[in-house]
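Here's the structure, in structure tokens; my notes come after.
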Amino acid sequence: MPLPRPLEEQLEDLLSRQHGSAVRVMQAFPVYGGSINEAYRLETSAGAFFVKVNAADRFPSLFRSEAHGLQLLRNAAALRVPEVLAHGEAGGSTFLLMEYIAPGGEDRDFQGRFGRLLAKLHRQGGTSFGLDRDNYIGALPQVNTPCPDWSEFFMKCRLEPLVKMARDHGRIHAGDVLRFERLYGRLPALFPTEKPALLHGDLWKNNYLAAVGGQPVLIDPAVYYGHREMDLAMTLLFGGFHRDFYEAYQEELPLQPDWRQRTGLCNLYPLLVHLNLFGGSYAGRVGTVLREYT
């Protein structure tokens, strides 16, 4: 789908003002892989840029939330994160304009480097769990009401809203709703005490890339301050990263020895996200995890 002309003109105007001279979009190449937004690599007279686009009436605050999350990650000065140049609305479309980071390949040290840098990110602590605003995980609203206690935050802001959504749409078994109620009372005993850590929030294989030179880059975050096992567990949900990633993370910022025993518990949240978005087999996966912990 071609870039809408009103949006193209708006982007040219923004880039021209930022560069102090006229910038023209010469070609917009569609970039595939996302399921929510349209994305393009812009070839312009001032170089390459990257832009995400969506209908203005679909997710009006999505890109504003993503821009805020990307800036939080950039401020941590741990992993490379694309610079946000602008976000706004033009011609019925919302957009998020960023620097374009050319993909490279993973060298033999990439995964270890990635693990150490993620640990550095997680050293960035907050005063409470959550965030000063709600945002999104994928196409779903993500509740981030600050809370001093992780188990309470996990229950009220991560599990309860999505269990209710799944129940209201008939996507979860009634027995599993009752199992969640039993699980809530057990959470304080299941999670070890951790300080709030700055999380990517949606860390799976499609949400990072290797830049030219083997530099790890984070993209498409769902940022909040949370229990750092959440990010580690998410990496294992769809197959896991290379073992060098986990070994390097452990050397830099050791996890509790039994952290892998809680990956299913942590991943109840992304599983509920997928259940509400896609239904199908995710109901069975949620039920299997619940039985393990209840």
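The ranking of Thr235, Thr127, Thr44 by Cβ neighbour count inside 10 Å, starting from the fewest, reads Thr127, Thr44, Thr235.
Ordering Leu237, Val51, Ser35 by the projection of their Cα atoms onto the charge dipole of the chain, which places +1 on the Cβ of Lys and Arg and -1 on the Cβ of Asp and Glu, puts Leu237 at the extreme positive end.
Would you mind checking the tilt of helix 174-190 against the longest principal axis of the Cα atoms of the chain, expressed as 0 to 90 degrees and rounded to 10? Helix 174-190 sits roughly 90 degrees off the main axis of the chain.
Given their separation in residues at 0.36 nm each and the Cα-Cα distance between them, Ala55 and His169 gain 38.6 nm when the chain is fully extended. Over the chain, dividing the summed -39,500 (n - 2.57) contributions of all DSSP H runs of at least 4 residues by the number of residues returns a 222 nm mean residue ellipticity of -12000 deg cm²/dmol. Comparing Arg228, Arg186, Arg116 in a Gaussian network model of the chain, where Cα atoms under 10 Å apart are tied by springs, the biggest mean-square fluctuation is seen for Arg186.
May I ask you to list the chymotrypsin sites (Phe, Trp or Tyr not before Pro) in region 178-272 that are in a DSSP loop and have at most 16 other Cβ atoms within 10 Å of their Cβ? Answer by residue number: Phe238.
With a Förster radius of 41 Å applied to the C-beta separation of Asn206 and Leu178, the computed FRET efficiency comes to 0.75. For the residues Gly130, Gly170, Gly88, a GNM of the chain with alpha-carbon springs under 10 Å puts the largest fluctuation on Gly170. Shape class of region 181-294 from the Cα gyration tensor (axes a ≥ b ≥ c, square roots of the eigenvalues): oblate, since a/c reaches 1.5 or more and a/b does not exceed b/c.
Each pair of Cα atoms in region 50-157 enters the Kirkwood radius, and Stokes-Einstein at 37 °C and 0.692 mPa s then converts it into a translational diffusion coefficient of 205 µm²/s.
Contact order, relative form, for region 63-212: 25 percent (alpha carbon pairs under 8 Å, 6 or more residues apart, mean separation divided by residue count). Enclosing the Cα atoms of region 5-99 in their convex hull gives a volume equal to 98 cubic angstrom per residue.
By the count of other C-beta atoms within 10 Å, a proxy for reagent exposure, His87, His242 are ordered fewest to most as His242, His87.
On a 0 to 90 degree scale, rounded to 10, what angle separates helix 243-252 from the longest Cα axis of the chain? Helix 243-252 and the main axis of the chain meet at about 80 degrees.
For the chain, the longest principal axis of the Cα atoms and the long axis of helix 5-19 meet at an angle of about 80 degrees. Taken about its Cα centre, the chain carries a charge dipole of roughly 580 debye when the Cβ of each Lys and Arg holds +1 and the Cβ of each Asp and Glu holds -1. Residues in region 115-123 carry Karplus couplings, in order, of x, 5, 6, 5, 4, 4, 4, 5, 6 Hz; the curve used is 6.51 cos²θ - 1.76 cosθ + 1.60 with θ = phi - 60°, and Gly or Pro positions show x.
Loop-located trypsin sites (Lys or Arg not before Pro) in region 22-68 (DSSP state not H, G, I, E or B) with no more than 14 neighbouring Cβ atoms inside 10 Å: Arg24, Arg58. Please compute, over every Cα-Cα pair in the chain, the percentage with a separation greater than 36 angstrom. Tail of P(r) above 36 Å: 20 percent of Cα pairs. Just checking the listed ones, Arg17, Arg182, Arg171: in the Gaussian network model of the chain with Cα springs under 10 Å, the one fluctuating most is Arg17.
None of the figures in this text is laboratory data; all of them are computed from the coordinates on show. These figures come from a predicted structure and were not determined experimentally. Reconstructed Cβ throughout: ideal geometry from the backbone, glycine too, with neighbour counts over all protein chains shown.
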